[in-house]
Protein chains: 2
Amino acid sequence: MAPSHYVGLLALVAGCLLPSGVLALWPIPSTLETGMAALKVSPAFYFDVQVKGAPVDLYEAVAQAQYYLANDKLGRLVVGRGANDTTALASAKTLSKLTLSLTSWATAEPIAAEAVKPLGTRSEEYALTIPADGSAATLMANSTLGLYRGLTTFNQLFYYYGGVTYTLLAPIAITDTPAYPFRGLALDTARNYYPVSDIVRTLDAMSWVKINTFHWHITDSQSFPLEVAQYPGLAINGAYSPQEVYTASDVQYIVQYAAARGIDVMMEIDTPGHTSIIAATYPDYVACFDETPWAHYANEPPAGQLRFALPEVVNFTTSLLTGVAKNLPSSYFSTGGDELNTNCYANDYPTQLQLNSTGMTLNGALDTFTQVTHAALIAEGKTPVVWEEMVLNWNLTLANETIVMVWISSADAAAVAARGFRIIHAPSNYFYLDCGAGGWVGGYPAGNSWCDPFKTWSEAYTFNPLANLTQAQYGLVLGGEQLLWSEQSAPQNLDPIVWPRAASSAEIFWSGKQPTGAPLNVTEALPRLHDVRYRMVQRGLKPIPLQPHWCALRPDACDLTA
Amino acid sequence: MAPSHYVGLLALVAGCLLPSGVLALWPIPSTLETGMAALKVSPAFYFDVQVKGAPVDLYEAVAQAQYYLANDKLGRLVVGRGANDTTALASAKTLSKLTLSLTSWATAEPIAAEAVKPLGTRSEEYALTIPADGSAATLMANSTLGLYRGLTTFNQLFYYYGGVTYTLLAPIAITDTPAYPFRGLALDTARNYYPVSDIVRTLDAMSWVKINTFHWHITDSQSFPLEVAQYPGLAINGAYSPQEVYTASDVQYIVQYAAARGIDVMMEIDTPGHTSIIAATYPDYVACFDETPWAHYANEPPAGQLRFALPEVVNFTTSLLTGVAKNLPSSYFSTGGDELNTNCYANDYPTQLQLNSTGMTLNGALDTFTQVTHAALIAEGKTPVVWEEMVLNWNLTLANETIVMVWISSADAAAVAARGFRIIHAPSNYFYLDCGAGGWVGGYPAGNSWCDPFKTWSEAYTFNPLANLTQAQYGLVLGGEQLLWSEQSAPQNLDPIVWPRAASSAEIFWSGKQPTGAPLNVTEALPRLHDVRYRMVQRGLKPIPLQPHWCALRPDACDLTA
């Protein structure tokens, strides 16, 4: 429907032709044609679902779209907020319905089922047309997931002034498909806990910019807030409090809520590092637990890592990971693997005894641990996902299908690609939402954030997914994600630290950068991102303002060169 | 009541003797003696106001204290949150009342009247004793304002577990008085607007840490949200919308709400720079309005500054400033004076014509403008407050009583002191809450915050009010303030960007640094600041977490050296 060679055209459209401050789609679609006619939404407007066997979650999505259409009430971001549009609206036609349908060869599955299919097998593309003459608008897709994406776009087209919901750019024709299959947001719920309500609010916001993966870093050294049926002690002893636990039903609710919004939940139980709190339940499984000085044994307090050389720890971890993963619909599960500290094992008697008695090296033991745990996940139908150190710092035998998250530096993507693994871009130097807030360890007032400076939306937006890769390696890039590590975050600042910044990668990986396209342009993007932010405010989120309101109402007036 | 030579003792107490994580007063009082007995608050506990002619706002303050005592329900920040205290509580006595009284020579005025007296004439000191045997606690002060400060301290003493509100440190004896008379928080409500509800919530939080001045930077080049009776057009044309205006009654409400909480409102109408939006109403009064490139004419878009050389502009500004100031109870009014851009006037025909016809220099015209406007404020009983450039960058004749806010760098305090002016410390390199969020001007993705890095609470906490001053100049330091400039802030991130960080200066200027005292210590302070933050959460504010919750429950365990 949207051939990829249109993407070059997109860049042209995005850079040069869009009327600033009028049409504010995000992410910008693959192809877009607009007119100059005003078109009002009828008070009797309805969504006409012409989908045979339409699933319940499609009807729910339609009801949500109807709600946003009626309640966004977003004034255009121009001086007067639409007061000058009344003349154009006086003679405007009225749009009475949007007809949703699937292509003839498609069958209607639930959005939630489509959203969790393996990457590369989901269809997110759609075609949306809105005539200027008041005749029915149409939305067509190959899947209910595509229809969902199209509804999201449809909601971004309309503004409100004086009781009228309208667009000024009819007729509109859009065909759209993502450039990359993986567009994520990662949240650490272990350093500080987030109630379910914060997570579902975040999932809503993710869906508004077509992010399709929630990378849930659910546990870490500081707390283990996940209820695990086989190992109930982990949460009983490892959660911050009984109220700060994600129960099995919480997880099921979140996964279902996400899937109905086109979002796959990729959970991570980080191992063998970042596991100190497991010692509260299984002290024999954890080396260097709470050893001091912590900085010798870990990047963060408290110290403590799984004794991965011990067979009983391999068995425990395998059972833990598969026990959790098998209840999740996603094809992906992250086993972590970052920041493993070797000092922790140097004087650890059980580890050294095991290594000495078997003649294994620490690397060899880690290889066994990884192979066993990963094989078990693969047997459950899960693709293992790991942090880059598993490839670059250790000599391990990983399954070819393993996906590698590049985080230390964007420059490391080339080395991972050279090893032939598929890549998720999660570079701290572009995408870490927590950077720049200063050091948080105690007794160190001069301490800056290790990944200073703050990553502005615009800096993140300049990320090039294909940098330093050969053309033959381009296919290894699955996409990328922005990430919030929660040492200094909690529900109190979740919205403002994430939004609207996390929309940057959402557009990078939906709309480009394709090899043949021009780079996305921060100057063109800013007015549209203001629009994203103000619409989020209308929907009850708490995103930061990117500029003074004066600037938001005057596209480009606050550019450095203006 | 609290002789200043006790302050040396305070530093000793704060640094060495306080039981970590148990007593979490902020700011730490001048003198403090504690025991080791548990003491429960009776369900029938009441405040016994033994103040002849007690004003209504004292009763309101007591009702608020009663509310916090009943509803804070803050668990101690230790593992178990107080579960281990039940043994001690089993044999604890019960506290039934706190008796409030004034010293015999004092007369009861409203808190709101005491709070707006000139600096140096307010009495904020108090003495609080809480016996361990269940007999009445007593709070005594020279003024209702002192009683208010004592109530604030009283509320910080108690924790909650299992239905019981208690302290573990009875008996408690506190005498307390601030080291510096001015402890402020500045908020810019012009770059982005804050509803009244956000301001009053902020005033509440300020009162919890004994901040006594709200520096309200109410207008700027981007918007003029202040209703001025004589010049209604300023808000009609200059506010972002009719809903984003502080009406006269809004201002009155905020001023009264603040004063009843011991907070003086020092308003600022920044002149002659930072006034572009006045051109929307009085185009003849503004030079270089919206000229491009804006960066040539102003530090921020839009360009535009008052034509201060014109007699009609001097008259207008004088009338504007005095018209606003005279309706405010504060003795202080800031006329601004920062970042005046001379390029703006170089080709401004009306300005140059006036200078040529009178033979005045630009500096001379500014001197006239400043003298006339300040003299009128002084005639209204107001002390003018200015930014440092008025002293350091221009050759102006300022009244000796003028107060100078040092903002560009903390190092500039010495030069201001050398000129003999009183100082408010507002240094960007310690106290700007907006720093570190990256550049916000458009089209400049590599742009960092001009005042990088982010100012952590601990960096701010290392500020030394007396650095580089001679002993003879110490008396010039009135205090200081942390500041939020709102280019990237709005109601959505107000709480998390301000709190708990703004508590840092609140303690610096209440509790030290006195010449004879040891420096305040970030390691000692951190557990107490966690406490401030968690108590704020209990009261509905949204402050950021300073560390993982794991660290907050384990004082010092996350120090770099632990």
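The values are calculated or read from the model by the stated rules, or taken from the named source; none is laboratory data. Just so it is clear, the structure is predicted and the values come from calculations on it, not from any experiment. Cβ placement follows ideal geometry from the backbone for every residue including glycine, while neighbour counts extend to all protein chains displayed.
Within the bounds of the range B:516-528, is there any residue that is at pLDDT below 95, within 21 Å of A:Gln488 (Cβ to Cβ) and among the small types (Gly, Ala, Ser)?
yes
Per-residue answers, yes or no, for (1) in contact (Cβ under 8 Å) with a residue 12 or more places away in the chain; (2) touching a Ser or Thr at 6+ places or on another chain (Cβ under 8 Å); (3) under 22 Å from B:Asn212 (Cα atoms):
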residue: B:Gln482; (1), (2), (3): yes, yes, yes
residue: B:Gln488; (1), (2), (3): yes, no, no
residue: B:Leu494; (1), (2), (3): yes, yes, yes
residue: B:Ala502; (1), (2), (3): yes, no, yes
residue: B:Ile508; (1), (2), (3): yes, no, yes
residue: B:Leu526; (1), (2), (3): yes, yes, no
residue: B:Lys542; (1), (2), (3): yes, no, yes
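With respect to A:Thr318, determine if the residue is surrounded by fewer than 20 Cβ atoms within 10 Å (Cβ to Cβ), away from every other protein chain (no Cβ under 14 Å) and either within 24 Å of A:Tyr240 (Cα to Cα) or modelled with pLDDT of 95 or more (or both). Explain how you work it out, then say what you get.
Working: surrounded by fewer than 20 Cβ atoms within 10 Å (Cβ to Cβ): yes; away from every other protein chain (no Cβ under 14 Å): yes; either within 24 Å of A:Tyr240 (Cα to Cα) or modelled with pLDDT of 95 or more (or both): yes.
Yes.
Just to check your reading of the model, which residue among A:Pro500, A:Pro496, A:Pro491 is assigned by TED's automatic domain parsing to the domain that holds A:Ala413, modelled with pLDDT of 95 or more and surrounded by fewer than 24 Cβ atoms within 10 Å (Cβ to Cβ)?
Working: A:Pro500 fails: surrounded by fewer than 24 Cβ atoms within 10 Å (Cβ to Cβ); A:Pro496 fails: surrounded by fewer than 24 Cβ atoms within 10 Å (Cβ to Cβ).
Exactly one residue qualifies, and that residue is A:Pro491.
If I filter the range B:153-169 down to residues being hydrophobic (A, V, I, L, M, F, W, C) and within 29 Å of the chain's Cα centre (by Cα), which single residue comes out as surrounded by the most Cβ atoms within 10 Å (Cβ to Cβ)?
Filtering the range B:153-169 down to residues hydrophobic (A, V, I, L, M, F, W, C) leaves B:154, B:157-158, B:164, B:168-169.
Next cut, within 29 Å of the chain's Cα centre (by Cα) only: B:154, B:157-158.
Values: B:Phe154: 22, B:Leu157: 24, B:Phe158: 20.
Looking at residues that are hydrophobic (A, V, I, L, M, F, W, C) and within 29 Å of the chain's Cα centre (by Cα), I get B:Leu157.
Considering only residues of the range B:422-442 that are surrounded by fewer than 22 Cβ atoms within 10 Å (Cβ to Cβ) and more than 14 Å from chain A (Cβ to nearest Cβ), which is farthest from the chain's Cα centre (by Cα)?
The extreme case among them is B:Arg422.
Can you tell me which residues in the range A:204-232 are away from chain B (no Cβ under 14 Å) and surrounded by 24 or more Cβ atoms within 10 Å (Cβ to Cβ)? Talk me through it step by step, then tell me what you get.
Within the range A:204-232, the first condition is being away from chain B (no Cβ under 14 Å), and the residues that meet it are A:204, A:206-216, A:218, A:226-232.
Residues satisfying the conditions are A:Met206, A:Val209, A:Lys210, A:Ile211, A:Asn212, A:Thr213, A:Phe214, A:His215, A:Trp216, A:Leu226.
Suppose we filter the range B:103-124 for residues that are closer than 30 Å to B:Gly35 by Cα and buried (at least 21 other Cβ atoms within 10 Å of the Cβ); how many remain?
1
Return a yes/no flag: does the range A:450-460 have any residue that is more than 14 Å from chain B (Cβ to nearest Cβ), of a type outside the set (Gly, Ala, Ser) and surrounded by fewer than 21 Cβ atoms within 10 Å (Cβ to Cβ).
Taking the range A:450-460 and keeping what is more than 14 Å from chain B (Cβ to nearest Cβ), we get none.
Within the range A:450-460 (the criterion being more than 14 Å from chain B (Cβ to nearest Cβ), of a type outside the set (Gly, Ala, Ser) and surrounded by fewer than 21 Cβ atoms within 10 Å (Cβ to Cβ)), the answer is no, since none of the residues qualifies.
Taking the stated definitions as given, is B:Thr175 touching a residue at least 12 places away in the same chain (Cβ under 8 Å) and crowded, with 23+ Cβ neighbours inside 10 Å? It would help to see each step written out before you state the result.
Numbers: touching a residue at least 12 places away in the same chain (Cβ under 8 Å): yes; crowded, with 23+ Cβ neighbours inside 10 Å: no.
Here the answer is no, as B:Thr175 does not meet what is asked.
Just wondering, is there one or more residues in the range A:464-474 that are over 30 Å from B:Asp290 (Cα atoms), in a loop (DSSP other than H, G, I, E, B), within 11 Å of another protein chain (Cβ to nearest Cβ) and in contact with a Lys or Arg (Cβ under 7 Å, 6 or more places away or on another chain)?
Taking the range A:464-474 first, the residues over 30 Å from B:Asp290 (Cα atoms) are A:464-474.
Those still in the list that are in a loop (DSSP other than H, G, I, E, B) too: A:464-470.
When the remaining residues are screened for being within 11 Å of another protein chain (Cβ to nearest Cβ), the result is none.
No, there is no match, as no residue in the range A:464-474 is over 30 Å from B:Asp290 (Cα atoms), in a loop (DSSP other than H, G, I, E, B), within 11 Å of another protein chain (Cβ to nearest Cβ) and in contact with a Lys or Arg (Cβ under 7 Å, 6 or more places away or on another chain).
Considering every residue within the range B:343-351, establish whether at least one is more than 14 Å from chain A (Cβ to nearest Cβ), within 27 Å of B:Ser249 (Cα to Cα) and either without any contact (Cβ under 8 Å) to a residue 24 or more places away in the chain or not aliphatic (A, V, I, L, M) (or both). Outline the logic, then answer.
Going through the range B:343-351, the residues more than 14 Å from chain A (Cβ to nearest Cβ) turn out to be B:343-351.
Still in the list and also within 27 Å of B:Ser249 (Cα to Cα): none.
Among the residues of the range B:343-351, not one is more than 14 Å from chain A (Cβ to nearest Cβ), within 27 Å of B:Ser249 (Cα to Cα) and either without any contact (Cβ under 8 Å) to a residue 24 or more places away in the chain or not aliphatic (A, V, I, L, M) (or both), which makes the answer no.
Report yes if some residue within the range B:111-120 is basic (Lys, Arg), at negative phi and in the same structural domain as B:Pro171 (by TED's automatic domain parsing); otherwise report no. Before you say what the answer is, go through the steps one by one.
Within the range B:111-120, the first condition is being basic (Lys, Arg), and the residues that meet it are B:117.
Now restrict to residues that are at negative phi: B:117.
With in the same structural domain as B:Pro171 (by TED's automatic domain parsing) added as a condition, the list becomes B:117.
The answer is yes; a qualifying residue exists.
Among (1) in the same structural domain as A:Glu300 (by TED's automatic domain parsing); (2) under 20 Å from A:Asp531 (Cβ atoms), there is one condition A:Val200 misses while meeting the rest; what is its number?
(2)
Regarding A:Leu89, is this residue buried (at least 18 other Cβ atoms within 10 Å of the Cβ) and of a type in the set (A, V, I, L, M, F, W, C)?
no
Kindly indicate whether any position in the range A:140-158 is in a loop (DSSP other than H, G, I, E, B) and among the basic types (Lys, Arg). Walk me through how you get there before you give the answer.
Here is the first cut: in the range A:140-158, the residues in a loop (DSSP other than H, G, I, E, B) are A:142-143, A:157-158.
After this cut, where a residue has to be among the basic types (Lys, Arg) as well, the list is none.
There is no residue in the range A:140-158 that is in a loop (DSSP other than H, G, I, E, B) and among the basic types (Lys, Arg).
From A:Val13, A:Val62, A:Val22, which residue is modelled with pLDDT under 95 and part of a helix (DSSP H, G or I)?
Numbers: A:Val62 fails: modelled with pLDDT under 95; A:Val22 fails: part of a helix (DSSP H, G or I).
Of A:Val13, A:Val62, A:Val22, the one residue that is modelled with pLDDT under 95 and part of a helix (DSSP H, G or I) is A:Val13.
Is it the case that A:Ser505 is within 20 Å of A:Phe431 (Cβ to Cβ), touching an Asp or Glu at 6+ places or on another chain (Cβ under 8 Å) and within 9 Å of chain B (Cβ to nearest Cβ)?
Working: within 20 Å of A:Phe431 (Cβ to Cβ): yes; touching an Asp or Glu at 6+ places or on another chain (Cβ under 8 Å): yes; within 9 Å of chain B (Cβ to nearest Cβ): no.
No: the conditions fail for A:Ser505.
Could you list all residues from the range B:209-230 that are closer than 17 Å to B:Leu484 by Cβ and within 15 Å of the chain's Cα centre (by Cα)?
Those that are closer than 17 Å to B:Leu484 by Cβ and within 15 Å of the chain's Cα centre (by Cα): B:Val209, B:Ile211, B:Thr213, B:Phe214, B:His215, B:Trp216, B:His217, B:Ile218.
List the residue pairs whose Cβ atoms are under 6 Å apart, where the first residue sits in the range B:96-107 and is closer than 11 Å to B:Gly150 by Cβ, the second is among the small types (Gly, Ala, Ser) and part of a strand (DSSP E or B), and the two are 6 or more positions apart or on different chains.
B:Leu98/B:Ala137
Just name the residue that is farthest from A:Val62 (Cα to Cα) out of those in the range A:237-272 that are polar (S, T, N, Q) and not in a helix (DSSP H, G or I).
Pass one, the range A:237-272, residues polar (S, T, N, Q): A:237, A:241, A:243, A:247, A:249, A:252, A:256, A:271.
Next cut, not in a helix (DSSP H, G or I) only: A:241, A:243, A:247, A:271.
Working: A:Ser241: 38, A:Gln243: 34, A:Thr247: 30, A:Thr271: 41 Å.
So, considering only residues that are polar (S, T, N, Q) and not in a helix (DSSP H, G or I), the one farthest from A:Val62 (Cα to Cα) is A:Thr271.
Scan the range A:522-562 residue by residue and report those that are β-branched (Val, Ile, Thr) and at the interface with chain B (Cβ under 10 Å from one of its Cβ atoms).
A:Val522, A:Thr523, A:Val537, A:Ile544, A:Thr561
Is it the case that A:Thr335 is among the β-branched types (Val, Ile, Thr), in the same structural domain as A:Gln256 (by TED's automatic domain parsing) and not in a helix (DSSP H, G or I)? Can you show your working first?
Details: among the β-branched types (Val, Ile, Thr): yes; in the same structural domain as A:Gln256 (by TED's automatic domain parsing): yes; not in a helix (DSSP H, G or I): yes.
Judged against the criteria, A:Thr335 is a match.
Could you go through the range A:512-519 and let me know if any residue there is crowded, with 22+ Cβ neighbours inside 10 Å, touching a helix residue (DSSP H, G or I) at 6+ places or on another chain (Cβ under 9 Å) and within 11 Å of chain B (Cβ to nearest Cβ). If you could, list the steps in order and put the result at the bottom.
At the first step, the residues of the range A:512-519 found to be crowded, with 22+ Cβ neighbours inside 10 Å are A:512.
With the extra rule that they be touching a helix residue (DSSP H, G or I) at 6+ places or on another chain (Cβ under 9 Å), the set shrinks to A:512.
Still in the list and also within 11 Å of chain B (Cβ to nearest Cβ): none.
There is no residue in the range A:512-519 that is crowded, with 22+ Cβ neighbours inside 10 Å, touching a helix residue (DSSP H, G or I) at 6+ places or on another chain (Cβ under 9 Å) and within 11 Å of chain B (Cβ to nearest Cβ).
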